[in-house]
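The values are calculated or read from the model by the stated rules, or taken from the named source; none is laboratory data. Owing to the predicted nature of the structure, the values given are computational and were not obtained by experimental measurement. Quick reminder, even Gly has a Cβ in these numbers, built from the backbone with ideal geometry, and neighbours come from all protein chains shown.
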Amino acid sequence: MLSRPLLRSLPRRTTTPSTLLRRRYSSAHFDSPAAGARSADGTSTTTPAYTTEEKIPTWFLVSTGAIFATYMLYAYIMPTENSPFTRFLSVDNPTRKAQEEISNRHTAFIEQAAKDKHLLLGSEGSPTIEMRFPERINIHSPYNLPAGHTRGVLMDKLEEHYKKENPPK
């Protein structure tokens with residue numbers, strides 16, 4: 001083992017935190033193709049196998065070609081009086097007339113529904129609701145009733161009342 005005076009005479013290597021981090025996380029530590037072989041002075045001796053050329057993406061060329069082809073197609077079928085494109089878009093087209101008629105009917109139905117809604121919401125309704133089946137009042141469980149309360153007592157009066165209001169036809 002070396003003695004302390006001898007160690008003090010040797011030049012010390014400075015170890016700053018940045019050099020420690022560089023040593024710890026350097027890519028030359030791994031056997032990766034990106035690291036390459038290092039020479040004594042720290043420079044790489046090999047060139048990477050891949051190229052760094054940037055090419056125009058295929059999707060860009062396809063979309064540009066599609067836009068250009070669409071423009072050329074439009075220029076070829078320029079709207080004239082007899083072209084199918086113009087006939088399809090014309091107002092006299094029977095399909096367009098049928099669609100217009102359906103749309104007008106639909107609009108009329110929607111407007112009528114809105115008028116009916118406002119008519120019903122604006123009117124004052126009856127505070128009572130007519131019962132169609134008064135016998136449903138008597139449908140209940142005979143159990144869990146408080147003492148002295150039975151539902152069947154007033155049923156005769158209720159039936160007479162509804163028979164007066166709604167006589168049988």
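So which residues in region 73-89 are over 25 Å from E100 (Cβ atoms) and exposed (fewer than 10 other Cβ atoms within 10 Å of the Cβ)?
Those that are over 25 Å from E100 (Cβ atoms) and exposed (fewer than 10 other Cβ atoms within 10 Å of the Cβ): L73, A75, Y76, M78.
Need at least 1 residues that are in contact with a helix residue (DSSP H, G or I) (Cβ under 6 Å, 6 or more places away or on another chain) and modelled with pLDDT of 75 or more per element, so show me which helices (runs of 4 or more DSSP H) inside region 53-169 make the cut, counting only ones lying wholly within it.
Where helices (runs of 4 or more DSSP H) fall fully within region 53-169 and carry at least 1 residues being in contact with a helix residue (DSSP H, G or I) (Cβ under 6 Å, 6 or more places away or on another chain) and modelled with pLDDT of 75 or more, they are 155-165.
Which pairs have Cβ atoms under 9 Å, sit 6 or more apart or on different chains, and link a residue in region 101-130 that is among the charged types (D, E, K, R) to one that is part of a helix (DSSP H, G or I)?
Listed pairs, sorted by first residue: E130/Y162; E130/E165.
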